[in-house]
Amino acid sequence: MPTETFEFQVEARQLLQLMIHSVYSNKEVFLRELLSNASDALDKLRLEKLRDDSLDADVSDLHIEIDIDKEARTLTVRDNGIGMSYEEVGQLIGTIANSGTATFLKELREAQDEAGAEGLIGQFGVGFYSGFMAADEMTLVTRRAGESQGTRWTSRGEATYTLETVAEAPQGTSVTLHLKPADPENQLHDYTSPWKIREIVKRYSDFITWPIRMVPEQADGDSTPDPETLNSMKALWARSRDEVSDDEYHELYKHISHDWREPLETIRLQAEGTFEYQALLFVPAHAPHDLFTRDFKRGVQLYVKRVFIMDDCEALLPPYLRFVKGVVDAQDLSLNVSREILQQDRHIRMMQRRLTKKVLSTVKDFMAKDADRYATFWREFGPVLKEGLLTDTENREAIIAVASFATTHSDDEPTTLARYVERMKDGQDDIYYITGESRQSIENSPHMEAFRAKGVEVLLLTDGVDEVWVDAVGEYEGKKLRSIAKGAIDLDGKGDEKADEEREKQAEEYAGLLGWMRERLDDDIKEVRLSARLTVSPACVVSDAHDLTPALENMYRAMGQ
Ligand code: ADP
Ligand code: MG
């Protein structure tokens, strides 16, 4: 096949432009990205071979190799992993598939200036393309395990890339960076220095479970020197807490999550005994934009005895904790374990319960000890955590305890249900709430008038899931959760005879009018009644206590039900 030239997608081109012209100071992270891809490729091959022993692939010495050529000013990262087919190279390298990159681009479009754009590079893993921060040309040669022909991809990071078939290529992938001219002013960025490479690998990729080797440059006349392994390969989760620095944990987090920012919290957990495991979980500091999409990838990886088994392991945490990233390493599972088996395994279920409780207790600690961290957490993940109120009855109380809600009591400080109850007025039996699109629209709702006039606190619930959980949960500490937009609400309290009399009198007085309205609106409403809930507006529409609210009706309609 001849060499073919292809155009990058618009988005890829935009990203490449940014990489090429980047003045981002931390350019060296490109190496982490390439090593991370190589490590993934080795994991994938090992697994594929495990599943299919007939796969024609050599897995006897899986490793990563870094080669420097000072003369040619090239840096090559090579792995003997899964490799890519011709089609895969076009798909995976030619387009922007990864969701982190999609978020990156979205925020990039929103970033007003160049400084903002540079800042963003530091926050997202932009993967393979980050090589163009250091290189003016990249070449990738790859052969997929089991296939006979290889593929060469080249690009100068501009509008196009080329693809061609190559007859001879070793299994796996090698990526060669043709480094930009050296900056004599800044020796720090000399990626042809073995010292520099050692330092970068140590800093960002030490925990990679495959050996990262470098062959020192050959002195004249010498025989080829032995390669040097640059990383310790120690699984961070298996080391004791005081042996590992926060920075090391954070690098692992970045490797797993494709988030370049620091996590909000690192959680360690060890279980000994009949079912031994170690877990290292991370609570991110930012919700990913696709958290509420159907195919959102969960972030917990499963290892068995230090060997990577699967990404995105849904059996380890419930769906409402899908934002948690990390690693679980179990000692007593088969390397062949499948998702189906995991779903049914009793020990895995026990592990899931324990991890869940640990995450919830971590949030409780935020709340008790670090108001800022709690506020960040709840802003980012409150909406998804509340799904647990519907699905996890066992932990319902623990979730309620760490939940907080906007309230008429304060313009900016949310309240817990416990504090709401403390502030309830004498004679108030219920916890009042209203749901809607935004705080502003709710606060201007006529339903609020009487509550405002009487100074009764109302929770302002604006997340989609709110309408559903309030119904499912129903009450808190014996106090009913009541929507002020549903059913009849008697704010004056029961047994106030004067008020009752007054209302009866009014009902008689207005019977004619109400009857007339009822006839006129018969097709659209169930009932017309005099209300004590309004002080300024003349009328408002109210749902029956058991009706769906308008927003829920919309939600179900959108879901096609
Ligand atoms: P990400 O790693 O987040 O998916 P990248 O831009 O780093 O994004 O890589 C894009 C894709 O290209 C990877 O998901 C992988 O499928 C493929 N890829 C990159 N490097 C390699 C490699 N060394 N071996 C095999 N596949 C690779
Ligand atoms: Mg990557």
Angle, helix 497-520 long axis vs. longest principal axis of the chain, Cα atoms, 0 to 90°, nearest 10? 70
What does the C-alpha gyration tensor say about the overall shape of the chain? Classify as rounded when a/c is under 1.5, otherwise prolate if a/b is larger than b/c, or oblate. prolate
Give the lysines whose C-alpha is closer than 27 Å to that of Lys70, dropping any in the same chain fewer than 8 places away, or say none. Lys27, Lys180, Lys196, Lys202
Out-of-range pairs (alpha-carbon distance over 20 Å; input Lys369/Lys479; Lys425/Lys454; Lys454/Lys505): Lys369/Lys479; Lys454/Lys505
Taking the Cα atoms of the range 415-494, what is the range of coordinates along each of the three principal axes, in descending order and whole Å? 31, 26, 24
If the chain between Trp516 and His286 were fully stretched, how many nm would it gain, using 0.36 nm times the residue separation less the Cα-Cα distance? 77.3 nm
CD proxy at 222 nm, helix term only [per DSSP H run n ≥ 4: -39500 (n - 2.57); per residue of the chain; nearest 500]: -10500 deg cm²/dmol
Other-chain or far-sequence residues with amide H under 5 Å of Asp370's (modelled H): none
For Ser483, enumerate residues with amide H under 5 Å from its amide H, sequence gap 5+ or separate chain, H modeled in the peptide plane. Tyr433
Would you mind listing how long the range 128-222 runs along its three principal axes, going by Cα atoms, in whole Å with the largest first? 41, 35, 33
Which ³J(HN,Hα) values, rounded to whole Hz and listed in residue order, are derived for the range 299-314 from phi using the Karplus coefficients 6.51, -1.76 and 1.60 in 6.51 cos²θ - 1.76 cosθ + 1.60 with θ = phi - 60°, glycine and proline given as x? x, 9, 9, 9, 10, 10, 6, 6, 9, 5, 10, 7, 8, 6, 7, 6
Residue-span extension gain [Lys425 to Gln149] - 0.36 nm each, minus C-alpha spacing: 91.6 nm
Of the convex hull enclosing the alpha-carbon atoms of the range 342-413, the direction-averaged projected area in nm² is 5.6
Any idea what the alpha-carbon Rg over 2.2 N^0.38 Å comes to for the range 284-386? 1.14
Label-point gap, in nm, between Arg156 and Asp58 - each point 7 angstrom along Cα→Cβ: 3.6
Figure the gain on full extension for Arg346 and Asp471 (residue separation times 0.36 nm, minus the Cα-Cα span) and round it to one decimal in nm. 41.9 nm
Around Thr376, under 13 Å between beta carbons, what's the net of Lys plus Arg minus Asp minus Glu among the other residues? -2
Long-range amide H contacts for Tyr303: which residues qualify at under 5 Å (H placed 1.01 Å from N, peptide plane, sequence gap of 5 or more or a different chain)? Ile309, Val328, Asp329, Ala330
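Every number in this text was worked out from the coordinates using simple rules, so none of it is lab data. As the structure is a computational prediction, the values presented were derived from the model and not from experiment. Glycine gets a Cβ as well: all are built from the backbone with ideal geometry, and neighbour counts include every protein chain shown.
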